[in-house]
Amino acid sequence: RHHYIPNGHDLTHTPGYPRRDQFVLTYTGHMHPWMDPRPFFAACQRFLARQDTARAVTRIVFMGTPLEFGGVSLAGLAAAYGLADRFELRPRGTRAEANALQEEAAVLLAYDCTHPMCVPAKFFDYAYMRGAMLLIGHPDGAMGEMAAPLGVPVVAREDEAGLDAALAAAFSRWQAGAMTEQNDKH
């Protein structure tokens, strides 16, 4: 006999679809000191510089993160990468509000743990969604093992080419309306 206790990350409804009018990139939840947003912001800056049509439709939304990273304003940090007009910082919200934001996102940003031996719970939320998973961490770690069957790479934070390719691929899929299937409905 087996009994299961929901852990708060068990989604029971079929998620909605990424917005078609806005290319939304999101991070939801607490941002720990090792989750450096600068490589992500730099990749967004390069992406918007290369994709002329993307800036008008791109929105970067962080929800539930601290207002500062490393003693610096997170909004100010985004502005330093030329993203002030595209960046939105939302306060912590309800689980339903976080799920709604994840559902409308074309890119779901997740950070690995400091060591490669566990999988962040956020991975499982994002796997259930339809948007592209942008996983930053240890390519050969536990998150990489979980992501491999989904065809999703884990990109090292210093891998600029990998981050750039992931954003370009997500934008291409979003433009084509190809984000129709869940990353992993199970």
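Structure remark: mean-square fluctuation, Gaussian network model of the chain, C-alpha springs under 10 Å; the largest value among P120, P18, P37 belongs to P120.
Under 5 Å between amide hydrogens, built in the peptide plane, is the criterion, and for F23 it picks out T58, R59 among residues at least 5 positions away or on other chains. Counting every Cα pair in the chain, what percent are over 20 Å apart? Here the long-distance tail beyond 20 Å is 52 percent of all Cα pairs in the chain. Could you tell me the relative contact order of the chain? Use alpha-carbon pairs under 8 Å, at least six residues apart, and round to a whole percent. Over the chain, the number comes to 26 percent. What does a probe at Q175 reach in the range 78-106, counting residues whose amide N is under 17 Å from the point 7 Å along Cα→Cβ? What the label zone holds, given the 17 Å backbone N cut-off, is 106. A simple spin-label model places pseudo-atoms 7 Å from Cα toward Cβ; at M117 and L89 they are separated by 3.4 nm. Given a 10 angstrom Cα cut-off, can you work out which residue in L108, L89, L25 is the most mobile in a GNM of the chain? So, out of L108, L89, L25, the one fluctuating most is L89.
Since every read-out is calculated from the coordinates, none of them should be taken as a lab result. Only a predicted model underlies this, so the values are computations on that prediction, with no experimental measurement involved. All Cβ positions, even for glycine, are placed from backbone atoms using ideal geometry, and neighbour counts span all protein chains on display.
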